[in-house]
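Read through the structure below, which is laid out as structure tokens, and then see the notes.
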Amino acid sequence: MYRFLLSRRWLGFAALVVVVAAVCIRLGMWQFDRLDQRRADNERIEDNLAVAPAPVDVVSSGDAVDPADEWRRVTVTGRYDADHQVILTQQTRDIGPGVDILTPLLTSTGTAVLVDRGWLATDEPSDLPDPPDPPTGDVGVTGWLRVDSDADDWAITPDDGSVRAVASNGIEAALPYDLVPGWIALIDQQPPADTGLDTPEEPDLGQGPHFFYGLQWWFFSALAVGGYIWFAWVEAHPRPRRESAEARQPPVSSGAPGE
């Protein structure tokens, strides 16, 4: 009954189903791997958030911030350089478009730390508002340590005082002094200042859609195999042909009524 499965057409169909099912299974496994990585990252971030604040020059002491140290709380003292502020554009939040204000904080060592002082709402994502002035004098800053973006040079190099991504090595090219690798998302500063900026967003500790995407790909794999089985069953158990409509109709007499 199922010898037709050995025909060239059905063997080709089976090979296609195997390939589709294997690809879907692999994509599902990839999504579950991403879920495991997301959970590991969240655990690392939670551990870093719980660690006591440390001086930024202790945590960020090499050529780049170790990704394992991202979201650690760090402290630094210095004076804001308002003349070299940079605007991070297209930073949309739930309430609408906006920008983040990046201001170098000059330390007593002659180097500076880039500080994201907060978010400012705008009418359009591409707007470049006048950033509010930072507090003057010595300021003690506490914030989350962030790693530099690996975006292309066009995104991290200031253009008309704005960037699309944050990287200390890109912004440093427009400054007359060196920047400490990485940057700080401001949590608190002393003395406090009411600048009208919203604080930087906290890390997203959600698990994302990876679990459901993984199930979705595995469902597609099962659907491919199930479809093959269904088509094979239909081929092996064809429905009997129905009589034609003409055969079912009674014969029509050619004579006149009453004859």
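Every number in this text was worked out from the coordinates using simple rules, so none of it is lab data. Keep in mind that what you see is a predicted model, and the values were worked out from it rather than measured. Positions of Cβ are backbone-derived with ideal geometry, glycine not excepted, and every protein chain shown enters the neighbour counts.
Run through the DSSP bridge list for the range 72-190 and note the antiparallel percent, rounded to the nearest 5.
85
Once you have all Cα-Cα distances for the chain, histogram them in 10 Å bins from zero and send the whole-percent values.
6, 21, 21, 13, 9, 8, 7, 5, 3, 3, 2, 1, 0
Given a 10 angstrom Cα cut-off, can you work out which residue in 202, 235, 70 is the most mobile in a GNM of the chain?
Of 202, 235, 70, the Gaussian network model singles out 235 as fluctuating most.
How far apart, in nm, are two points set 7 Å out from the Cα along the Cα-to-Cβ line at residue 123 and at residue 159?
According to this spin-label approximation, the distance is 2.3 nm.
Based on the alpha-carbon gyration tensor of the range 74-137, what equivalent-ellipsoid semi-axes (square roots of 5 times the eigenvalues) come out, in whole Å, largest first?
Semi-axes (√(5λ), whole Å): 25, 11, 9.
Taking 22 Å as R0, compute the FRET efficiency from the Cβ-Cβ separation of residue 151 and residue 39 and round it to 0.05.
Calculated transfer efficiency: 0.25.
Using a 10 Å cut-off around each Cβ, can you sort 168, 149, 221, 61 from fewest to most neighbouring Cβ atoms?
The fewest-first ordering by Cβ neighbours comes to 61, 149, 221, 168.
Taking just the C-alpha trace of the range 139-247, give me its Rg and Dmax in Å.
30.3, 98
To the nearest 10 degrees, how steeply does helix 210-236 sit against the main Cα axis of the chain, on a 0 to 90 scale?
That works out to roughly 10 degrees.
In nanometres, what is the gap between the two model label sites at residue 18 and residue 58, each 7 Å from Cα along Cα-to-Cβ?
Placing both labels 7 Å beyond Cα along the Cβ direction yields 6.1 nm.
Can you tell me the Rg and the Dmax, both Å, for the Cα atoms in the range 5-135?
Answer for the range 5-135, Rg first and Dmax second: 24.7, 81 Å.
Starting from a Cα-only point model with no solvent, please compute log10 I(q)/I(0) by Debye for the range 1-77 at q = 0.28 1/Å.
-1.18
Neighbour counts of other C-beta atoms within 10 Å: give me 217, 144 arranged from fewest to most.
Fewest-to-most ranking of 217, 144: 217, 144.
Can you give me the angle between helix 8-50 and the longest principal axis of the chain, using Cα atoms only, in degrees from 0 to 90, rounded to the nearest 10?
Result, in degrees: 20.
What share of all Cα pairs of the range 156-213, in percent, falls into each consecutive 5 Å distance bin?
Over the range 156-213, the share of Cα pairs per 5 Å bin runs 4, 13, 15, 15, 18, 17, 8, 6, 3, 1 percent.
With labels modelled as points extended 7 Å from the Cα through the Cβ direction, what inter-label distance (nm, one decimal) is found for residue 199 paired with residue 216?
A separation of 3.4 nm, rounded to one decimal place.
Quantify how much of the Cα-Cα distance distribution of the range 72-190 extends past 23 Å, in percent.
Looking at the range 72-190, the distances longer than 23 Å represent 24 percent of pairs.
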